[in-house]
Each structure stands twice: as structure tokens, then as C-alpha cells.
């Protein structure tokens with residue numbers, strides 16, 4: 001008997017130690033570089049979950065995705081430090097995402113989803129029950145006599161969702177039905193006298209609800225601490241990192257052209273038609289139409305063109321050809337040429353500026369007369385439909401895109417646009433305008449080779 005108890009205790013400790021519940025911040029010293037790097041690694045996992053869910057991946061696909069993302073991003077050279085990395089990264093992102101209601105909502109949903117999939121990956125029902133005990137849930141297992149009296153009803157509920165019929169040793173929990181709304185809404189449980197009877201293989205809904213509740217309260221408290229003291233105390237050290245992380249771009253660097261070495265002025269009109277994403281296509285068209293762009297538009301389009309391979313001399317010639325039609329060549333040389341050379345690292349601090357990511361473009365705030373920003377976020381529905389039609393996106397795809405826009409999945413809307421135009425899937429999703437260009441050129445060149 002003592003051996004059984006010690007085994008259960010070991011199982012409980014193992015489940016909890018490898019599955020942090022993030023009740024309180026750990027008393028750990030963290031190097032500043034680890035503070036940021038650990039958070040970025042976890043953010044890759046959460047954004048992967050967000051992309052997978054918004055693309056409608058099936059539960060089994062999501063479980064594999066989460067398993068692969070955790071393996072790729074949350075490991076550590078020292079096995080003993082894996083749990084510490086998990087805990088540290090969670091609490092860093094808590095600071096990052098506690099600051100506004102929208103940030104809290106996103107983080108809460110993604111962390112709860114991560115918790116759910118990790119819970120499902122626990123190897124046994126015993127390990128799941130051990131973790132349930134940590135939440136001190138006030139639910140009791142249905143007794144054998146109760147089970148027998150409801151066996152037929154529980155069997156009908158199981159059959160309706162394609163589950164095997166419950167056996168005599170099956171474990172069910174009786175819980176207030178309002179605590180498992182997703183199970184009730186999906187008609188996946190038997191409800192009787194205000195209680196839902198939740199099978200052991202469905203308890204993830206119970207535990208995830210509790211986890212979400214704890215985290216939601218913790219985010220509010222963290223926000224209070226952040227605004228009242230932490231932000232000011234750490235304004236020179238942590239605050240810049242915390243405030244930048246939620247808009248961090250996590251993909252490849254596009255400061256230099258990648259697969260496609262360079263483009264020339266001679267080809268730029270044709271390439272814009274075939275391979276520019278909507279945000280850059282809009283800026284390009286407005287430049288051609290008005291022969292001018294305000295600063296935000298010049299930066300967004302200019303760095304994009306640099307990233308796709310437009311050399312400095314060609315960039316100067318390209319912008320001058322357009323601007324001189326409105327402001328004259330002399331004024332262009334005096335007022336605009338410097339900033340173009342500056343973007344290429346030839347003036348000022350000689351900084352090699354990087355093209356804007358989707359996240360940065362989405363978070364921009366274009367004003368009256370501006371044309372930069374993300375069309376999926378900043379256009380009216382009427383203007384967006386017209387722009388998509390101009391890019392020859394078919395009507396069904398436009399409806400799919402608009403559906404994602406209404407759900408504020410702007411990058412997925414851009415991904416669907418890419419897929420509709422190019423007739424191929426983009427499983428990685430679009431996260432950068434220069435990535436869109438690169439993937440588009442691969443498709444275009446592949447089609448050109450196949451027709452030769």
C-alpha cells in the first residue's frame with residue numbers, strides 16, 4: 001500500500017513539475033538576453049497556435065502542430081533548464097501582454113489553447129488527475145450507483161459524438177453545466193437538473209476553464225503593477241524590450257534580397273503587377289498616380305523595394321522619375337534624395353534599415369492623405385473589395401478574405417489573397433511583404449519554366 005501511495009505521489013510531482021501552472025513568478029535570476037530570447041521563443045509557439053486555429057486546422061493537426069512547435073522552440077541545451085525557460089518565458093509575456101485589453105485577450109486565448117494541448121499530451125489519465133488536483137476543483141466523481149442509473153443517457157451522449165460506450169469503470173464528473181459551455185454547446189455531454197456529466201476524456205475543458213480564470217485575474221493584477229511601478233522603475237532596462245515584443249517580427253531578415261538577387265527599373269511595373277502584396281501594390285499605384293507619397297508611404301515602399309533587390313542607383317532614378325513630375329528634379333535632389341540614401345545606409349549613422357514586417361505595418365496609424373499601412377486593416381470594406389477585384393481575386397475568395405478581416409486576422413486575409421491569385425497554398429502564412437514577394441516569384445518562375 002505504501003508503494004502505491006509513493007507511486008501516486010511521484011506521478012503527481014512529475015506531472016506538476018513538467019507542467020507549470022504559473023501561480024507565481026519564480027525567484028530566478030535571468031540574464032537580460034535570456035529575458036528577451038525566451039519570450040521570443042514562446043511567442044513563436046503562441047503565434048503558431050494562432051495561425052493554426054485561424055486557418056481552421058483539425059484538433060489532431062493542432063496537437064501535432066503544438067508538439068512540433070514546443071520541440072522546435074522551447075527546448076534548452078541543458079535539460080534541467082527546460083522548465084525554467086517555460087516559466088520565465090510565460091511571465092515575461094505576461095508583462096508584455098497585460099498592457100491593453102486586446103493584448104490580454106489574445107494572450108489569454110493562446111496560452112489557454114497551449115495549456116489545453118499540453119494537457120491532452122499527458123501520457124495517462126492518472127497524470128491528468130494529478131494535475132487536476134492542483135486546481136482543487138470542487139467536483140466529485142459520479143458514484144457507481146449514479147452511473148448505473150444514468151448509463152443509457154451517458155451512452156447516448158457518447159454515441160452522438162462518436163465515442164465508445166462508457167464501461168463500468170468509466171469516470172464521470174458532475175459539474176454545473178455553465179462551467180463547461182463549449183461541451184454543452186457542442187452537445188457532447190449529458191445534462192440533467194442543471195449539471196453536466198463530464199467524462200474523463202473531456203475534463204480538459206474543466207481544467208482549461210480554471211486555468212483561463214486564474215490567468216485572466218493574474219493579467220489584471222500584472223497590469224496594475226506594471227502601470228503603477230514596474231514601467232517607471234525599469235524604463236531604461238526592461239520597458240523598451242517589453243513594449244516592443246508584442247510587435248516583434250519573428251521571421252527571416254529581409255534587409256538584403258534573398259532568392260532573387262535584384263530587380264531593375266525596366267521590370268518593376270510588371271513585377272509589381274505579378275508579385276507585390278496588396279499593401280505595396282496600393283502604394284506603387286498611388287505613386288504612379290500622384291507622383292508623390294508622404295513620408296510613411298515612402299518608407300514602407302522604399303524599404304520593401306530595397307529588400308526585393310532594387311539597387312541604390314536604380315532606387316534614386318525610380319523615385320526621381322516619379323517625384324520630379326510633381327516637385328521638379330532640383331527639389332527632389334534637395335529634399336528627398338538624402339532619405340533614400342539614408343535607407344540604404346549611405347548617410348547619417350550608416351544604418352542598414354530593414355523592410356517593415358506585416359506586424360509593424362498593421363500597427364501603423366496612417367492619417368489623412370497617407371497611403372501606407374495594411375489595407376486589410378485600414379481600408380473600408382468597399383475599398384478593400386475594389387482593390388481585391390483589381391488584383392483579380394475571384395468573388396468566393398473575396399468573401400473568405402472579408403470573413404478573416406472581420407475577425408481581425410489580417411495576415412491570414414493576405415495569405416488567402418496570395419493563395420487565390422497564385423493558385424497554390426501557403427501553409428507558413430504571410431508574415432512579411434518581402435516574404436509574399438519571394439513566394440510569389442517562386443510560383444511565377446516555376447510557371448514560366450513549365451511553359452518553356
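Structural remarks
- So residue 387, is it buried (at least 18 other Cβ atoms within 10 Å of the Cβ) and over 25 Å from the mean Cα position of the chain (by Cα): yes
- Every condition in (1) surrounded by fewer than 19 Cβ atoms within 10 Å (Cβ to Cβ); (2) farther than 19 Å from residue 414 by Cβ; (3) in the same structural domain as residue 371 (by TED's automatic domain parsing) holds for residue 302 except the one numbered (1).
- Residue check for residue 212: under 30 Å from residue 25 (Cβ atoms), free of Cβ contacts under 8 Å to residues at least 60 places away in the same chain and surrounded by fewer than 18 Cβ atoms within 10 Å (Cβ to Cβ): no
- Taking segment 164-192 as the range and being surrounded by fewer than 15 Cβ atoms within 10 Å (Cβ to Cβ) and either at negative phi or touching a strand residue (DSSP E or B) at 6+ places or on another chain (Cβ under 8 Å) (or both) as the test, the residues that pass are 164, 165, 167, 168, 169, 176, 178, 181, 182, 185, 186, 192.
- Hits in segment 407-421 - residues which are modelled with pLDDT under 95 and surrounded by fewer than 20 Cβ atoms within 10 Å (Cβ to Cβ): 407, 408
- Residue 99 satisfies every condition listed in (1) touching a residue at least 24 places away in the same chain (Cβ under 8 Å); (2) assigned to a helix (DSSP H, G or I); (3) within 20 Å of the chain's Cα centre (by Cα) except (2).
- Qualifying residue in segment 290-297 (condition: in contact (Cβ under 8 Å) with a residue 12 or more places away in the chain, more than 17 Å from residue 360 (Cα to Cα) and not in a loop (DSSP other than H, G, I, E, B)): yes
- Unique match (being in contact (Cβ under 8 Å) with a residue 60 or more places away in the chain and assigned to a helix (DSSP H, G or I)) among 69, 110: 110
- Filtered residues of segment 305-322 (kept if farther than 24 Å from residue 378 by Cβ and either outside the structural domain of residue 428 (by TED's automatic domain parsing) or crowded, with 16+ Cβ neighbours inside 10 Å (or both)): 309, 310, 311, 314, 315, 316, 318, 320
The values are calculated or read from the model by the stated rules, or taken from the named source; none is laboratory data. Since the model is a prediction, treat every value here as computed from it, not as a measurement. Cβ coordinates were reconstructed from backbone atoms using ideal geometry, including for glycine residues, and neighbour counts include every protein chain displayed.
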